[in-house]
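**Q** Here it is, the structure, as structure tokens.
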Amino acid sequence: MISVENLKVEFGVKPLFANVSFVVNDRDRIALVGKNGAGKSTMLKILCGMQQPTDGIVAVPGETTIGYLPQVMRLADETTVREETRKAFAGTTKLQERLAKMEQELGERTDYESASYMALVEQFTQEHERYLMMGGENYQAEMERTLMGLGFTRGDLDRPTSEFSGGWRMRIELAKILLQQPDVLLLDEPTNHLDIESIQWLEQFLAQRAKAVVLVSHDRAFINHVTNRTLEISCGQVVDYKVKYDEYVKLRAERREQQIRAYENQQKEIADMREFINRFRYQATKAVQVQQKIKQLERIVPIEIDEVDHSAMHLKFPPCLRSGDYPVICEGVGKSYGDHRVFSGVDLIIRRGEKVAFVGKNGEGKSTLVKCIMDEISHDGMLKVGHNVQIGYFAQNQAQLLDESLTVFQTIDLVAKGDIRLRINDILGAFMFGGEASEKKVKVLSGGERSRLAMIKLLLQPVNFLILDEPTNHLDMASKDVLKEAIRAFDGTAVIVSHDREFLDGLVSKVYEFGGGKVREHLGGIYEWIEGKDRETPQEVHSQPAPQPHREETGESHYAARKEQQKKIRKAEKAVKECEAKIAQLEQRIKEMDDLLCQPDHAADMELITEYTSTRKVLDEENDRWMVLSERLEELQG
């Protein structure tokens, strides 16, 4: 679908990459990996035609469509969510308007026997068939399914996009790209603004319905679930591994060992040649051999080794005072903004030494409760921070508090104490500030770089209670491993707000789920919570408040009614899931028939055309049924 041949990109003296060749095939699921600055985002821009290479060919067949989601983009603010998303179907809606005009003309004309009337009937028939093949009858349902899969509710669809944060508007752009069903999807960090449930939905979508995918992501679980091939940009080259990410990591380790051995052998060979040249340079009897060695030395192509992997580096928080047994106690805590109730009746106790995760959809109150704990905003109920608790807080605005007049190295040098000062350069390297980057002034750093610097600064301060709000957003996998190990070895208490499942796995022993205005406690790790979510329904999760010992027990009749309601909800959810599974099967069959009908041998296959038409009809009916079932489920949950 996309063929890259002898690609070369230069920004300075040394090429970013050179002599790069590979092919993106249909159904490929490619993870594009490499250290920060290797050129991953540049490669995506070249593949979609937004940037031209210095040399080489990127061949894209004329009929191939490409959808590209960058990390940062300009977003529209003058429409509703529904109207903005509908732009993905611009071609379909124009065709719909054209069909409506032709239908009106056919109804008004009476010259049924004329050649122009028959030509209009023929044109209408052909255009209507094309409209059906484009999914014109069911695009509204498809649009709603995609937006709801990415976390929007039905009530959000008619709200102005200006009411949503940048992260939510990026979800709209992602929905538009997915709905266009391009032949190749190019996604640059698509999970940055998604919660765990939306990430899982996107994984399923890409696995079942996308054609070809090339993605850049630092979410290890996401790329393991989605990809089946890994392209690594390393030392200015692209190495193609026909395996998913976890297998690539093992193969890469083996390749790096081979590189090191080859490099050492080459260095020994070079040293031997130089020794021979220096030893016999002035002996006439050895003149021929000396000239041969000099030519051999000039022909040697130096072997490059990947930059040293810092992920094995150990980093420990400095010692701190021991806190009380219960760093945080909440009883009946609530928070409202005007008429909007974020959460209420929150009862939780975080014990000393616990590592807990705050999870849930964006906007459900995770960061709000963190701000309540930090005493940055007021709240209802009782919230007590324990004795001797010294909080280390990481949030996105922490990056704005850095001294812009200092360099990266000076910023860390000011907070580092004791022996750790001897390892500042290693620490900076582990968080992607190696070499000359450590001498950059803070004022020239990007937002992501400032966030990483603020994280390093926090790691070197003596605290006994960590609160980390989305700490992994701007970290690569090696940096995340360093941070994870440091938190795991931390003998204090930690609250981590994150959607990164791999980062939370093996790190937290308790999960607090935010949703529906409530906070529910789950004992166990992140994957145990996810497995529990798969068994339970969202309504069950949100309808069961945390234990409240002073609240009066409900009556038997109320319990029976609630149990019956939950039974109806489970039945409705099952019907929606079965409907979605059937729609996915029908769409897959239609895609297969589309491919067959494009082949000359099957173009006039009436049996196939009949099946195609009937399958389209069934798909439209199933989409209508899905809308009815979804509305019924929402009524029950409401």
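**Q** State whether the residues of region 31-52 include one that is of a type in the set (V, I, T) and touching a residue at least 60 places away in the same chain (Cβ under 8 Å).
**A** Within region 31-52 (the criterion being of a type in the set (V, I, T) and touching a residue at least 60 places away in the same chain (Cβ under 8 Å)), the answer is yes, since at least one residue qualifies.
**Q** Output the number of the condition that D195 fails; it satisfies all remaining conditions of (1) charged (D, E, K, R); (2) open to solvent by less than 10 Å² (accessible area, probe 1.4 Å); (3) farther than 24 Å from R252 by Cβ; (4) in contact with a Leu (Cβ under 8 Å, 6 or more places away or on another chain).
**A** Evaluating D195 over (1) charged (D, E, K, R); (2) open to solvent by less than 10 Å² (accessible area, probe 1.4 Å); (3) farther than 24 Å from R252 by Cβ; (4) in contact with a Leu (Cβ under 8 Å, 6 or more places away or on another chain) leaves (4) as the failure.
**Q** Which residues, counting only those in region 590-638, are polar (S, T, N, Q), farther than 16 Å from E144 by Cα and either open to solvent by less than 80 Å² (accessible area, probe 1.4 Å) or touching a His at 6+ places or on another chain (Cβ under 6 Å) (or both)?
**A** Selection gives S614, T615, Q637.
**Q** Is it the case that R341 is open to solvent by 30 Å² or more (accessible area, probe 1.4 Å) and outside any helix (DSSP H, G or I)? I'd like the intermediate steps shown before the answer.
**A** Working: open to solvent by 30 Å² or more (accessible area, probe 1.4 Å): yes; outside any helix (DSSP H, G or I): yes.
It is true that R341 is open to solvent by 30 Å² or more (accessible area, probe 1.4 Å) and outside any helix (DSSP H, G or I).
**Q** In addition: When you go through Q181, Q237, Q208 one by one, which is the residue that is surrounded by fewer than 22 Cβ atoms within 10 Å (Cβ to Cβ), on the phi > 0 side of the Ramachandran plot and modelled with pLDDT under 90?
**A** Among Q181, Q237, Q208, only Q181 is surrounded by fewer than 22 Cβ atoms within 10 Å (Cβ to Cβ), on the phi > 0 side of the Ramachandran plot and modelled with pLDDT under 90.
**Q** Which of (1) open to solvent by 60 Å² or more (accessible area, probe 1.4 Å); (2) in contact (Cβ under 8 Å) with a residue 12 or more places away in the chain does L120 not meet, given it meets every other one?
**A** (1)
**Q** Test K371 against the criterion of being within 26 Å of H499 (Cα to Cα), outside any strand (DSSP E or B), in contact (Cβ under 8 Å) with a residue 24 or more places away in the chain and charged (D, E, K, R), and give yes or no.
**A** Against the criterion (within 26 Å of H499 (Cα to Cα), outside any strand (DSSP E or B), in contact (Cβ under 8 Å) with a residue 24 or more places away in the chain and charged (D, E, K, R)), K371 does not qualify.
**Q** How many residues are β-branched (V, I, T), assigned to a strand (DSSP E or B) and over 14 Å from Q52 (Cα atoms) when one looks only at region 1-19?
**A** Adding up the residues that qualify gives 1.
**Q** Against the condition closer than 30 Å to F433 by Cβ and either out of contact with any strand residue (DSSP E or B) (no Cβ under 9 Å at 6 or more places or on another chain) or basic (K, R) (or both), how does K87 come out, does it pass?
**A** Answer is no for this residue.
**Q** Starting from residues that are open to solvent by 50 Å² or more (accessible area, probe 1.4 Å) and under 19 Å from I199 (Cα atoms), keep the ones in region 150-168 and report whichever is nearest to the chain's Cα centre (by Cα).
**A** S165
**Q** Is it true that V389 is among the β-branched types (V, I, T) and more than 28 Å from the chain's Cα centre (by Cα)?
**A** Considered against the rule, which asks whether it is among the β-branched types (V, I, T) and more than 28 Å from the chain's Cα centre (by Cα), V389 comes out as yes.
**Q** I need a count of the residues in region 1-20 that are in contact (Cβ under 8 Å) with a residue 60 or more places away in the chain and open to solvent by 50 Å² or more (accessible area, probe 1.4 Å).
**A** 3
**Q** Then there is this: Quick check on my filter: what residues within region 257-314 are under 30 Å from L483 (Cβ atoms), among the β-branched types (V, I, T) and either modelled with pLDDT of 85 or more or part of a helix (DSSP H, G or I) (or both)?
**A** Matches in region 257-314: I260 only.
**Q** With the requirement that a residue be in contact with a His (Cβ under 8 Å, 6 or more places away or on another chain) and either open to solvent by 20 Å² or more (accessible area, probe 1.4 Å) or closer than 13 Å to V519 by Cα (or both), what does region 344-377 give you?
**A** Pass one, region 344-377, residues in contact with a His (Cβ under 8 Å, 6 or more places away or on another chain): 359, 362, 372.
Once the filter is applied, which keeps residues that are in contact with a His (Cβ under 8 Å, 6 or more places away or on another chain) and either open to solvent by 20 Å² or more (accessible area, probe 1.4 Å) or closer than 13 Å to V519 by Cα (or both), region 344-377 yields V359, N362.
**Q** In addition: What do you reckon, is A88 within 28 Å of H474 (Cα to Cα) and in contact (Cβ under 8 Å) with a residue 60 or more places away in the chain?
**A** Judged against the criteria, A88 is not a match.
**Q** With the condition being within 23 Å of L202 (Cα to Cα) and under 20 Å from the mean Cα position of the chain (by Cα), I'd like the strands (runs of 3 or more DSSP E) fully within region 24-120 carrying at least 1 qualifying residues.
**A** Of the strands (runs of 3 or more DSSP E) lying wholly inside region 24-120, those with at least 1 residues that are within 23 Å of L202 (Cα to Cα) and under 20 Å from the mean Cα position of the chain (by Cα) span 29-33, 66-69.
**Q** Here's something else I'd like to know. Report whether or not G56 is at pLDDT 90 or above and either open to solvent by 20 Å² or more (accessible area, probe 1.4 Å) or β-branched (V, I, T) (or both). Talk me through it step by step, then tell me what you get.
**A** Values: at pLDDT 90 or above: yes; either open to solvent by 20 Å² or more (accessible area, probe 1.4 Å) or β-branched (V, I, T) (or both): yes.
Taking the combined requirement at face value, the residue satisfies it.
**Q** Same structure, new question: Just one of L75, L32 is over 14 Å from P182 (Cβ atoms) and modelled with pLDDT under 90; which is it?
**A** Of L75, L32, the one residue that is over 14 Å from P182 (Cβ atoms) and modelled with pLDDT under 90 is L75.
**Q** Could you tell me whether region 43-55 includes any residue that is within 30 Å of A253 (Cβ to Cβ), among the β-branched types (V, I, T) and out of contact with any helix residue (DSSP H, G or I) (no Cβ under 9 Å at 6 or more places or on another chain)?
**A** yes
**Q** If you don't mind, another one. Applying the selection to region 565-590, what residues are polar (S, T, N, Q), touching a residue at least 40 places away in the same chain (Cβ under 8 Å) and over 26 Å from A210 (Cβ atoms)?
**A** Within region 565-590, just Q565 meets the criteria.
The values are calculated or read from the model by the stated rules, or taken from the named source; none is laboratory data. Nothing here was measured: the structure is a model prediction, and the numbers come from that model. No Cβ is skipped: glycine too gets one built from the backbone with ideal geometry, and neighbour counts run over all protein chains shown. Surface accessibility is based on the protein's heavy atoms, side chains included, excluding ligands, DNA and RNA. Shrake-Rupley method; radii C 1.70, N 1.55, O 1.52, S 1.80 Å.
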